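The values are calculated or read from the model by the stated rules, or taken from the named source; none is laboratory data. What you see is a predicted model, and the numbers here were worked out from it, not measured in a lab. Positions of Cβ are backbone-derived with ideal geometry, glycine not excepted, and every protein chain shown enters the neighbour counts. Remember, those area values only see protein heavy atoms, side chains included, never the ligands or the DNA or RNA. Shrake-Rupley method; radii C 1.70, N 1.55, O 1.52, S 1.80 Å.
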Amino acid sequence: MSGNYLNNQFIIAMPGLIEPIFHHTVTFLCQHTKEGALGIVINRPAEMKLGEIFKQMDITVSSLAAAETPVFSGGPVQQDRGFVVHSACGDWDMTLPISEDISLTTSRDVIEAIAAGEGPKQYLIALGYAGWSEGQLEKEMLSNSWLNTPCAKQILFETPVSQRWNAAASQIGIDINQLTTPAGHC
């Protein structure tokens, strides 16, 4: 794959991106090709816990910790569909490897394993995803809507949600709160 693609990267909303869906978000890009991009917003908790999804899917829960895990609003597309970003392990039905140590799974079997306490050690559950058509993300980046930086597992899985936007930006050595909107374009 070409080095111009942003797979396994974070895109960080610039302070001037005021569209409510993406304002101050960090999106983990799972797939970026010439046809478009798919990402999961990692810092927008939904108003539900994973236990509610287990109940809706009629899945028996033996891991109370998993039931208390927050669910994220992964983006505006297919908000009724679940996506699990997780440490690479297991043999799940519908898995897309993102890197050597991170995968994206959309099948029920990984949710059942998490409910039983037998799933991946690290995971993030999201409803919906962020999608861009051919060339759309590139245009948005050229118009200074997004910064990009390599994914850091610590930010993805361990950093408190409220700190992820600043933490992702600090990876490239900037204080995102000090940036101005018209950055270099006339």
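Odds and ends about this structure:
- Mean-position separation - Cα centroids, segment 143-167 and segment 30-74, in angstrom: 17
- Candidates Gln56, Gln78, Gln136, ranked by Gaussian network fluctuation over the chain, Cα under 10 Å, top entry: Gln56
- Taken over the chain, the alpha-carbon convex hull comes to 119 cubic angstrom per residue.
- Solvent-accessible area per residue for the chain (1.4 angstrom probe, square angstrom): 52
- Whole-Hz couplings from phi, Karplus 6.51/-1.76/1.60, listed for segment 80-87; x for Gly and Pro: 9, 10, x, 10, 10, 8, 8, 4
- Summarising the amide proton neighbourhood of Thr69: residues at separation of 5 or more, or on other chains, whose placed amide H is nearer than 5 Å comprise Leu50, Gly51.
- Neighbour net charge for His24 - beta-carbon separation under 13 angstrom, K R +1, D E -1: +1
- Projecting the Cα atoms of Gln171, Ile53, Tyr129 onto the charge dipole of the chain (Cβ charges, centred on the Cα centre) puts Gln171 farthest toward the positive pole.
- Nonpolar atom fraction for the chain, defined as the carbon and sulfur part of the 1.4 Å probe accessible area, stands at 50 percent.
- In percent, rounded to a whole number, the relative contact order of segment 92-177 is 15, using alpha-carbon pairs under 8 Å and six or more apart.
- Computed from backbone phi, the HN-Hα couplings of segment 61-70 come to 10, 10, 9, 5, 4, 4, 4, 8, 5, x Hz, rounded to whole numbers (Karplus: 6.51 cos²θ - 1.76 cosθ + 1.60, θ = phi - 60°; Gly and Pro given as x).
- Residues listed by number, segment 19-54, amide nitrogen under 14 Å from Arg108 label point at 7 Å toward C-beta: 54
- Karplus-derived 3J(HN,Hα), 6.51/-1.76/1.60, for each residue of segment 149-162, Hz, glycine and proline x: 8, x, 5, 10, 4, 4, 5, 4, 10, 10, 5, x, 3, 5
- Length gained on full extension, Asp80 to Asp101, computed as 0.36 nm times the residue gap minus the Cα-Cα distance: 4.9 nm.
- Relative contact order (percent, whole number), the chain, Cα cutoff 8 Å, 6+ residue spacing: 27
- Nearest-10 value in Å² for the accessible area of Leu6, using the 1.4 Å probe: 20
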